[in-house]
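Structure first, then comments.
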Amino acid sequence: MPRHGNEGFHHGEVVTREYTINMHKRLHGIGFKYRAPRAIKEIKTFAEKQMGTKDVRIDTRLNKAIWAQGVRGVPFRMRVRLARLRNEDEDSVHKLYTLVTHVLIANGGFKGLQTENVETSTD
């Protein structure tokens, strides 16, 4: 049965969620010298899929966390916060963009974590 209209299409909202990304499975079989750059590309495609925005921006702290153990030593899992925000730049093609930031988790603390909606304070 074909869908009518845009029911269920909520990509217009400003929302923030926390995700755990399994980097290990996304980088399996990737040569050592390409792992950290590929990790950034994989995070961008993940954010694009989850948030439905073409414009994805990586926070500098997340970039530092990916590269902290060198080009080869990307962490097996990463906890990230995806924030779909309104674009302040009026002449931009995209109305919304996604900002990806790193969430610090204690070692081995990924067990039992699920995707969570994060409440944002809007003034």
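Return the residues of region 81-104 that are aliphatic (A, V, I, L, M), open to solvent by less than 30 Å² (accessible area, probe 1.4 Å) and not in a loop (DSSP other than H, G, I, E, B); say none if nothing qualifies.
Answer for region 81-104, where residues must be aliphatic (A, V, I, L, M), open to solvent by less than 30 Å² (accessible area, probe 1.4 Å) and not in a loop (DSSP other than H, G, I, E, B): L82, A83, L96, V100.
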Practice problem: Evaluate the following for E116: is it among the charged types (D, E, K, R) and more than 16 Å from the chain's Cα centre (by Cα)? | Solution: no
Quiz item: Would it be correct to say that V74 is over 14 Å from V15 (Cβ atoms), modelled with pLDDT of 95 or more and not in a loop (DSSP other than H, G, I, E, B)?
Solution: no
Self-check item: Of all residues making up region 46-71, the number that are over 20 Å from K33 (Cα atoms) and either in a loop (DSSP other than H, G, I, E, B) or without any contact (Cβ under 8 Å) to a residue 24 or more places away in the chain (or both)
Solution: 7
Quiz item: What number of residues within region 50-80 are open to solvent by less than 20 Å² (accessible area, probe 1.4 Å) and hydrophobic (A, V, I, L, M, F, W, C)?
Solution: 7
Practice problem: Would you mention how many residues in region 19-59 are hydroxyl-bearing (S, T, Y) and under 19 Å from N117 (Cβ atoms)? | Solution: 3
Exercise. Could you run through region 105-114 and say how many residues are open to solvent by 70 Å² or more (accessible area, probe 1.4 Å) and under 19 Å from D59 (Cβ atoms)?
Key: 0
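The values are calculated or read from the model by the stated rules, or taken from the named source; none is laboratory data. These numbers were taken from a predicted model, which means no experiment stands behind them. Backbone-built Cβ (ideal geometry, glycine too); neighbour counts: all protein chains shown. With ligands, DNA and RNA removed, areas are computed over all heavy atoms of the protein, side chains included. Shrake-Rupley method; radii C 1.70, N 1.55, O 1.52, S 1.80 Å.
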